[in-house]
Structures are given as structure tokens and as C-alpha cells.
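K.L.:
Before I ask anything, here is the structure I am working with.
The values are calculated or read from the model by the stated rules, or taken from the named source; none is laboratory data. Small disclaimer: the values here were computed from a predicted structure and weren't measured. Cβ placement follows ideal geometry from the backbone for every residue including glycine, while neighbour counts extend to all protein chains displayed.
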Amino acid sequence: MTAPLPSWPTTPPAYGSVVLRAFTDEDAHLAVELGKDPYIPLIGSLPAHPTAEQALAWIRRQRDQLAEAQRFSLAIADAESNTAVGTIGLVLRDLAAGRATVGYAVSPLHRARGIATSALRVLTTFAWTIPALYRVEL
């Protein structure tokens, strides 16, 4: 029998200029921004140059993953404006082996500002609250 997984905090955790929170429909702009990157659509489910409908569907899939608690898929938001500037996820499918995987992407419009570093710090701090976890892979 495995221990229950922790829930994402009700008060979204923050560090520096970022806060990690659940996605909202208003974050569809982020999917459009990420879809313009030549690499991001190659490694996930986001189509290249998504339509507004595809962008919203992608955002909703991310939100649904958070509810499943096998993958924490979160928006990286600017702590001041709450605008989504990236995405980060903690995948727990190998938790029985003590491992989790982290993936992230920052909008091309918001890179080179330390956003990914701050988001990784917040997410790994949360990850270490999971008792069965002893390794986080990037």
C-alpha cells in the first residue's frame, strides 16, 4: 500500500518574482506564446502555433493533470501581476521507485530573468514534502 500524495498547497507557493499556481482559462495566451517556440511543441502535447481553441484545450489538460495528483502541472506566474509566464510540472509516475521528474518551459517573451530558477526552487521544495521521494530528475 502506498502513502497518499500531498495536495498542492491552497496558498500558491512563491519565490522571488514567481508564484506556482493552477492554470486558469485566462492563461491561454501562454500556450500561444509557447507554441511559437520551435522546440516546445516537439516535446509535449502543445501543437505548434496553436489556434485559440487548441491553446485553451491545452491549458485545460494541464489543469486536469493537477487534479489527478499523478502529475502536478502548474503555471509559473509573475508574483506581482499573476500573469502566466511559463509552465512547470512534477511527474510522479516513478514514485514507487522514489523518483520524480521535473519539466518546465518559460515563454520566449520572459526568458533570461531567472524565472525558471525560481520556479524550480519552489517546485523542488514542495517535492521534498513527499515522503517516498528521494530523487528529482530534470
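K.L.:
Please work out if Phe72 is among the aromatic types (Phe, Trp, Tyr), in contact with a Lys or Arg (Cβ under 6 Å, 6 or more places away or on another chain) and buried (at least 16 other Cβ atoms within 10 Å of the Cβ).
P.N.:
No; evaluated as a whole, the condition is false for this residue.
K.L.:
Among the residues of region 25-43 satisfying the criterion of being modelled with pLDDT under 90 and loosely packed, with under 14 Cβ neighbours inside 10 Å, which is farthest from the chain's Cα centre (by Cα)?
P.N.:
Among those residues, the one meeting the criterion is Pro38.
K.L.:
While we're looking at this one, here's another question. Taking interchain pairs and intrachain pairs at least six residues apart, which have beta carbon atoms under 9 angstrom, with the first residue in region 43-62 and under 16 Å from Thr24 (Cα atoms) and of a type outside the set (Lys, Arg) and the second modelled with pLDDT under 90 and loosely packed, with under 11 Cβ neighbours inside 10 Å?
P.N.:
Partner pairs satisfying both residue conditions: Trp58/Ser45.
K.L.:
For region 19-43, which residues satisfy the criterion of being under 19 Å from Ala77 (Cβ atoms), of a type outside the set (Val, Ile, Thr) and not in a helix (DSSP H, G or I)?
P.N.:
Residues satisfying the conditions are Leu20, Arg21, Ala22, Phe23, Asp37.
K.L.:
Something else now. Can you list residue pairs whose Cβ atoms sit under 8 Å apart, with the first residue in region 118-138 being more than 22 Å from Arg21 (Cβ to Cβ) and the second being in a loop (DSSP other than H, G, I, E, B) and not hydrophobic (A, V, I, L, M, F, W, C)? Count only pairs 6 or more apart in sequence or on different chains.
P.N.:
These pairs meet every condition: Ala132/Thr2; Ala132/Gly98; Tyr134/Gly98; Arg135/Gly98.
K.L.:
Every residue in region 102-138 that is more than 27 Å from His29 (Cα to Cα) and among the β-branched types (Val, Ile, Thr), please.
P.N.:
Thr125, Thr129, Ile130, Val136
K.L.:
Just the residues that are closer than 15 Å to Leu30 by Cβ, free of Cβ contacts under 8 Å to residues at least 40 places away in the same chain and among the β-branched types (Val, Ile, Thr), please, taken from region 79-101.
P.N.:
Of everything in region 79-101, just one residue is closer than 15 Å to Leu30 by Cβ, free of Cβ contacts under 8 Å to residues at least 40 places away in the same chain and among the β-branched types (Val, Ile, Thr), namely Thr83.
K.L.:
For the subset of region 83-110 comprising residues that are part of a loop (DSSP other than H, G, I, E, B) and surrounded by 14 or more Cβ atoms within 10 Å (Cβ to Cβ), which member is modelled with the lowest pLDDT?
P.N.:
Leu92
K.L.:
Among the residues of region 60-77, are any of a type in the set (Gly, Ala, Ser), within 15 Å of the chain's Cα centre (by Cα) and part of a helix (DSSP H, G or I)?
P.N.:
Narrowing region 60-77 to residues of a type in the set (Gly, Ala, Ser): 67, 69, 73, 75, 77.
Those left that are additionally within 15 Å of the chain's Cα centre (by Cα): 67, 69, 73, 75, 77.
Now narrow it down to the ones that are part of a helix (DSSP H, G or I): 67.
Looking through region 60-77, at least one residue is of a type in the set (Gly, Ala, Ser), within 15 Å of the chain's Cα centre (by Cα) and part of a helix (DSSP H, G or I).
K.L.:
Could you tell me whether any residue of region 25-39 is among the hydroxyl-bearing types (Ser, Thr, Tyr), without any contact (Cβ under 8 Å) to a residue 12 or more places away in the chain and farther than 28 Å from Thr129 by Cβ?
P.N.:
Yes - at least one qualifying residue is present in region 25-39.
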